[in-house]
Ligand code: AMP
């Protein structure tokens, strides 16, 4: 059966970076509800307007909205052979909806990215994103040669509004209360593997390849 890979972990645990590597290596599309919501905000759609205040405050957008986004996205032809879900599900309600959407079509595997909280805060507040190509840098661990310019495409680097420290703390608290229960939820279904996420990007990627092999 085709595989649906869920990357589960707190904000800043490296899900997006690893999803991009998985795409480069295996061609499985990265589906990030965070990216989809940010795109809706950028385009100023009704959904974007609804989501913006919640996202800026570090809260979770309603289950109905994100489940709707995922339901539509999974019907796109590039998902026919499987995909990587980055940042979805984030609640038990979302996990139950996902199970219903893929039943009989995909085998689900979940990678939990385990990273200590102090490292997450440092990573998130130091994160810089290229507005043009989406590349992710970090002022401490993976800086671009010039602080405001993307090494890859020359685009401008910015900090996400929700990567400021106060919002980061709120996002981590939301992870603990809303998303952490999913670890047990998936573990009890025998589909969860843990990845030690406080290592270098390449080392984590090797670990993921071993787990999936
Ligand atoms: P991310 O880029 O995954 O950190 O997501 C950024 C923000 O988008 C989150 O802090 C939430 O406000 C919202 N968001 C992304 N994915 C979800 C989801 N599955 N459920 C609810 N809100 C989400």
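The values are calculated or read from the model by the stated rules, or taken from the named source; none is laboratory data. Remember, predicted model here, so these are calculated numbers, not experimental data. Cβ placement follows ideal geometry from the backbone for every residue including glycine, while neighbour counts extend to all protein chains displayed.
Numerical summary
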{"quantity": "In the stretch 80-100, the residues that are surrounded by fewer than 17 Cβ atoms within 10 Å (Cβ to Cβ) and modelled with pLDDT of 95 or more", "calculated": "92, 93, 96, 99, 100"}
{"quantity": "Matching residues, the stretch 105-143, being over 13 Å from residue 156 (Cα atoms) and assigned to a strand (DSSP E or B)", "calculated": "106, 107, 108, 109, 110, 111, 112, 113, 114, 127, 138, 142"}
{"quantity": "Hey, residue 110 near the ligand (Cβ under 9 Å from one of its atoms) and either surrounded by fewer than 19 Cβ atoms within 10 Å (Cβ to Cβ) or at negative phi (or both) or not", "calculated": "no"}
{"quantity": "Residue within the stretch 144-156 that is in contact (Cβ under 8 Å) with a residue 24 or more places away in the chain, within 15 Å of the ligand (Cβ to nearest atom) and more than 29 Å from residue 213 (Cα to Cα) present", "calculated": "no"}
{"quantity": "Residues satisfying the stated conditions in the stretch 18-55, i.e. closer than 20 Å to residue 130 by Cβ and either more than 12 Å from the ligand (Cβ to nearest atom) or surrounded by fewer than 17 Cβ atoms within 10 Å (Cβ to Cβ) (or both)", "calculated": "18, 20, 21, 22, 23, 24, 29, 35, 39, 42, 43"}
{"quantity": "Residue check, residue 101 free of Cβ contacts under 8 Å to residues at least 60 places away in the same chain, within 11 Å of the ligand (Cβ to nearest atom), in a helix (DSSP H, G or I) and under 23 Å from residue 185 (Cβ atoms)", "calculated": "no"}
{"quantity": "Failed criterion for residue 58 (all others in (1) surrounded by 20 or more Cβ atoms within 10 Å (Cβ to Cβ); (2) touching a helix residue (DSSP H, G or I) at 6+ places or on another chain (Cβ under 6 Å); (3) assigned to a helix (DSSP H, G or I) hold)", "calculated": "(3)"}
